[in-house]
Amino acid sequence: MAVRRRTGAGRKARRAWLTVVVGLSMLLAACAKNAPQDTLKPASPDTRSIDGLFWLTFWVAVVVFVLVEGLLVFAVIRHRDKGESEEPVQTHGNARLELGWTIAPALVLFLLAFPTVGTIWRLARSRPNPINVTVIGHQFWWEYRYTDLGVVTANELHLPINRNVRLTIKSGDVIHSFWVPRLFGKHDAEPGRVAHINARAERPGVYFGECVEFCGLSHANMRNRAIAQTADDFAAWVAGQRQLPAAPAAGSDADGGFNLFRTKGCSGCHTIEGVSKGMIGPNLTHVFARTSFAGSTLDMNPDNLRRWLSDPPKVKPGSKMPNLGLSESEISQLIAYLETLT
Ligand code: CUA
């Protein structure tokens, strides 16, 4: 049999494939560097036990893979067509082998079930003295109600380190899913159902997450941040959240914005303690104390607020907040008012 020469075209195709594979690997490696939602960098006891379970399952799967593929490659090479004239012995079925490859995987799954079920139970078990937070998924933002502390906020979950936090997950409309990969496992937020997540942070910091169940046009714009704080910082945050914002000085820009808030329809959708009781959009009582808004997709600053107020559905498609057709000066006054809500 003549040896087939590698043609120029074949070499080119091979080089193209190599470029794609190497390029993709480098791209993916770049993604992993400092990825803020890396499940493989657990930052809490809960995510560490999930991570441990993942690696156990992964290595068992590696052993199975190497064994099965190894046997396959061995059989293919060993029993390849060597040009013998006679047909080899034909066998149909082998009860012993078939029993073996049915029982062995069942046994592997059975053994893996112990750490899996154990971890699930351990994560779900209620813990002593928790801070209770009801988490409500909305299109397209997260609402947090600290039911024991009388605090309501959006998108940014504050939690004190080394303290049990019990999250009660609900939905205000469609199915969402709540997850902060480095702090705790995910759970769907389903209309008409209630679920729980135990959360616990160890180190102060900002941990990122986002909605992980497709929920509409701006599913990808439904992010969240968990802000882990020392006990003192958390207490200071709670105290600040429980204070009513001061009314703006009469005649100021902020006062103009305050009047616009009440006349342009904002108050029908947003709550500001002592001012309005709207329930459609996020509670704005202390909106400027947050570091982000619009489903945590924009950093909180006057430029971004201007962009947002000019046309919310353009920034966040499907946003329930309509374009109010505000003039530049009206937007400036509203921003001046929002800046007082700290
Ligand atoms: Cu909410 Cu996806």
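The values are calculated or read from the model by the stated rules, or taken from the named source; none is laboratory data. This structure is a prediction, so every number in the text was calculated from the model and none was measured. Counting neighbours? That spans all protein chains shown, and the Cβs are built from the backbone with ideal geometry, glycine included. For the accessible areas, the whole protein counts, side chains as well, though only heavy atoms, and no ligand, DNA or RNA atoms are used. Shrake-Rupley method; radii C 1.70, N 1.55, O 1.52, S 1.80 Å.
By the helix-only formula, in which each DSSP H run with n ≥ 4 contributes -39500 (n - 2.57) and the sum is divided by residues, the chain has a 222 nm mean residue ellipticity of -13500 deg cm²/dmol.
Cα gyration tensor of region 1-143, axes a ≥ b ≥ c as square roots of the eigenvalues: rounded (a/c below 1.5), prolate (a/b > b/c) or oblate? The shape class here is oblate.
Note on region 253-338: dipole from Cβ charges, positive end direction compared against Ser319, Ile272, Ser329; the farthest Cα belongs to Ser319.
Of all beta bridges that DSSP places with both ends in the chain, some 70 percent have antiparallel geometry.
Segment Val174..Ser252, full-extension length gain: 24.0 nm, with 0.36 nm per residue of separation and the alpha-carbon distance subtracted.
Kirkwood radius and radius of gyration were both taken over the C-alpha atoms of region 253-338, and their ratio Rg/Rh is 0.91. Note that region 10-26 has calculated 3J(HN,Hα) couplings of x, 5, 5, 4, 5, 5, 4, 4, 4, 4, 4, 5, 5, x, 4, 4, 5 Hz, one per residue in order, obtained from phi through the Karplus relation 6.51 cos²θ - 1.76 cosθ + 1.60 (θ = phi - 60°); glycine and proline are x. The magnitude of the dipole of region 1-131, with charges of +1 and -1 set on the Cβ of Lys/Arg and Asp/Glu and taken from the Cα centre, is near 780 debye. Basic side chains Lys and Arg get +1 at the Cβ, acidic Asp and Glu get -1 at the Cβ, and with that the dipole of region 131-242 about its Cα centre reaches some 200 debye. Computed over the chain, the convex hull of the alpha-carbon atoms projects to a mean area of 27.0 nm². Based on Cα contacts under 8 Å between residues 6+ apart, region 131-242 shows a relative contact order of 29 percent. Partners of Lys41 within straight-line reach, counting aspartates and glutamates whose Cα lies under 15 Å from its Cα and excluding those fewer than 8 residues away in the same chain: Asp51, Glu202.
Between the amide H of Ser171 and those of Gly137, Glu190, Gly192, Arg193, distances stay under 5 Å, these residues lying 5 or more places away or on another chain, with hydrogens modeled in the peptide plane. Once the chain from Lys264 to Ala35 is taken as fully extended at 0.36 nm per residue, the excess over their C-alpha distance is 78.4 nm.
Solvent-accessible area per residue in region 173-316 equals 47 Å², computed with a 1.4 angstrom probe and all protein chains kept. Computed from the C-beta positions of Ala104 and Trp59, the FRET efficiency with R₀ = 25 Å rounds to 0.90.
When Val180, Val64 are compared by accessible area at a 1.4 angstrom probe, the order from most to least is Val64, Val180. Length gained on full extension, Val89 to Phe74, computed as 0.36 nm times the residue gap minus the Cα-Cα distance: 3.5 nm. Share of the chain's accessible area from carbon and sulfur, percent, 1.4 Å? Of the solvent-accessible surface of the chain, carbon and sulfur hold 61 percent. Close amide H pairs (under 5 Å, H built 1.01 Å from N) link Leu159 with Ile227, Ala228, Gln229, residues at least 5 positions away or on another chain. Highest mean packing first, where packing is the average number of other Cβ atoms within 10 Å per residue, the peptides 262-270, 88-96 line up as 262-270, 88-96. Backbone geometry of region 92-97 corresponds, through the Karplus equation with coefficients 6.51, -1.76 and 1.60 at θ = phi - 60°, to 3J(HN,Hα) couplings of 10, x, 8, 4, 5, 4 Hz, x marking Gly and Pro.
With the convex hull constructed from alpha-carbon coordinates only, region 131-242 shows a mean projected area of 6.1 nm² over all directions.
The residues neighbouring Gly216, those whose beta-carbon lies less than 12 Å from its own, together hold a net charge of 0 under the Lys/Arg +1, Asp/Glu -1 convention.
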